[in-house]
Amino acid sequence: MTLLDGKKVSNDIKDEIAVDVERIKSRGERVPHLAAVLVGEDGASLTYVGSKVKACERVGFDSTLVKLPDTTTEEELLEKIKELNENSLIDGFIVQLPLPKHINEDRVLVAVDPSKDVDGFHPENFGRMALEMESFIPATPSGILQLLERNNVETKGKHTVVIGRSHIVGRPMSILMSQKGEAGNSTVTLAHSHTKNLSDFTKKADIIIVALGVPEFLTQDMVKEGVVVIDVGISRVADASKPRGYAIKGDVDFENVSKKASFITPVPGGVGPMTIAMLLKNTLIARERRKLK
Ligand code: GUN
């Protein structure tokens, strides 16, 4: 069994980005600038956004964290997005999800200028991605492709089962795994809550990507020997023995599934760090594209 070490691969990618930033600086140009908008006080979101800002410092990007209270109205948030769209010193920005219930997520995502949409959530980017045109590819699926590619995991002609059809991970992942090119050319099944006899699919799968948010959902009896397993889940599960009072669990019963797997991602240290590295990469791309305009 080989561990797909997202910490290591993401550090390699960050090192590559840092070299590019040095080159930008040596030309006397402005470094890439990422902004993140966080509405409310959700603990997990605060942690994720904090990690994104820290990662900017690590590679030499400028970053701005826009923290708005829970009580922010949709109009106020849309006004902030308009400001960020118009600010020529910001190359890319993200609005951390989930948003408070009183805010319509779709209206917010379409308000982001597609050329600054480094999350790749705007319908224009999503559509372009599906058509294999130049776009921003959502960071988590993009990170999974890099993790497979840089570990020389063969995907061509393999049967991939993606579990979960979220707009952020499962759906784009299912499209990307079937596309032409590296870490693609796979035959894809997209499974979800209405899939009958899920085990019939997973037992035949060469590659399984689980993005459900249900701790330890994928068990040993559901997979075949030699399977490649990508675990996107990251849930906080109450655990009094831990200093914070919770443990981080993935969607895979790692201890037992890893005994059958040829490659598997750990949680934490697998997909999570890759997401951040690819967000930085998209910001670098956004900066380069803006210069060309
Ligand atoms: N919430 C969970 N994952 C993500 C992500 O990749 N981007 C944003 N903006 N919010 C998220």
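A compact table of results
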quantity: Proximal aspartates and glutamates to LYS281, defined as alpha-carbon separation beneath 13 angstrom and excluding residues fewer than eight positions away on the same chain; calculated: ASP12, ASP15, GLU16, ASP20, ASP91, ASP117, ASP119
quantity: Listed residues VAL110, GLY157, PRO138: farthest to the positive end of the dipole of region 60-210 (Cβ charges); calculated: GLY157
quantity: Note, ³J(HN,Hα) from phi for region 188-194, Karplus 6.51, -1.76, 1.60, rounded to Hz, x at Gly and Pro; calculated: 10, 10, 9, 9, 8, 4, 9
quantity: Computed FRET value (nearest 0.05) for HIS167 with GLU255, which takes r as the C-beta separation and R₀ as 51 Å; calculated: 0.95
quantity: Region 155-293: relative contact order as a whole-number percent, Cα under 8 Å and 6+ apart; calculated: 19 percent
quantity: Under the Karplus curve 6.51 cos²θ - 1.76 cosθ + 1.60, θ = phi - 60°, whole-Hz ³J(HN,Hα) for region 42-57, x wherever Gly or Pro sits; calculated: 4, x, 5, 4, 4, 5, 4, 5, x, 5, 5, 5, 4, 5, 4, 4
quantity: Size descriptor, Kirkwood hydrodynamic radius, that averages inverse alpha-carbon separations across the chain, Å; calculated: 19.8 Å
quantity: Cut-off 14 Å between beta-carbons: net charge of the residues surrounding ALA55, Lys and Arg +1, Asp and Glu -1; calculated: +1
quantity: Separation between Cα centres of region 157-179 and region 1-79, rounded to whole Å; calculated: 25 Å
quantity: Whether region 19-96 is rounded, prolate or oblate, judged on the alpha carbon gyration tensor where a/c under 1.5 counts as rounded; calculated: oblate
quantity: Cα-based Kirkwood hydrodynamic radius, region 76-218, one decimal, Å; calculated: 16.6 Å
quantity: Size of charge dipole - region 128-285 - debye, nearest 20, with Cβ of Lys, Arg +1 and Asp, Glu -1, no other charges; calculated: 180 debye
quantity: Length-normalised contact order for the chain - Cα pairs under 8 Å, 6+ apart - percent; calculated: 21 percent
quantity: Cross-link pairs LYS25/LYS116; LYS52/LYS224; LYS7/LYS249; LYS7/LYS67; LYS67/LYS249; LYS8/LYS180 - those with Cα-Cα distance over 24 Å; calculated: LYS52/LYS224; LYS7/LYS67; LYS67/LYS249; LYS8/LYS180
quantity: Label-zone membership for region 172-200, site ASN151, 7 angstrom Cα→C-beta point, backbone N under 17 Å; calculated: 177, 183-184
quantity: Förster radius 25 Å - calculated FRET efficiency between ARG30 and LYS82, Cβ distance, rounded to 0.05; calculated: 0.70
quantity: Debye log10 I(q)/I(0) at q = 0.21, 0.25, 0.26 Å⁻¹ for region 112-162, Cα point scatterers; calculated: -0.81, -0.96, -0.98
quantity: Proximal lysines relative to LYS196, as straight alpha-carbon distance under 17 Å, when same-chain residues fewer than 8 apart are discounted; calculated: LYS204
quantity: 5 angstrom amide H check on THR64, placed H, neighbours 5+ away; calculated: LEU34, ALA35, ALA36
quantity: Residues SER10, SER235 arranged by fewest to most Cβ contacts within 10 Å; calculated: SER235, SER10
quantity: Trypsin sites (Lys or Arg not before Pro) within region 92-162: DSSP coil, no more than 14 neighbouring Cβ in 10 Å; calculated: LYS101, LYS156
quantity: Trypsin sites (Lys or Arg not before Pro) lying in DSSP loop within region 233-286, provided at most 12 other Cβ fall within 10 Å; calculated: ARG244, LYS259
quantity: Within region 1-69, trypsin sites (Lys or Arg not before Pro) in DSSP loop having at most 15 other beta-carbon neighbours inside 10 Å; calculated: ARG27, ARG30
quantity: Antiparallel bridge percentage (DSSP; both residues within region 181-283; nearest 5); calculated: 35 percent
quantity: Rounded to whole Hz, the Karplus (6.51, -1.76, 1.60) HN-Hα couplings of region 232-245, x for glycine and proline; calculated: 8, x, 8, 10, 8, 10, 3, 8, 5, 6, 8, x, 8, x
quantity: Stretchable slack from ALA18 to HIS194, in nm (0.36 nm times residue separation minus alpha-carbon distance); calculated: 59.0 nm
quantity: Exposed-loop-free span, longest in the chain, where GluC sites (Glu not before Pro) count as exposed if DSSP calls them loop and at most 14 other C-beta atoms lie within 10 Å; calculated: 42-131
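No lab work stands behind these numbers, since they all come straight from the coordinates. What you see is a predicted model; the values in this text were computed from it and never measured. Here the Cβ is made from the backbone with ideal geometry for all residues, glycine too, and neighbour counts use every protein chain on show.
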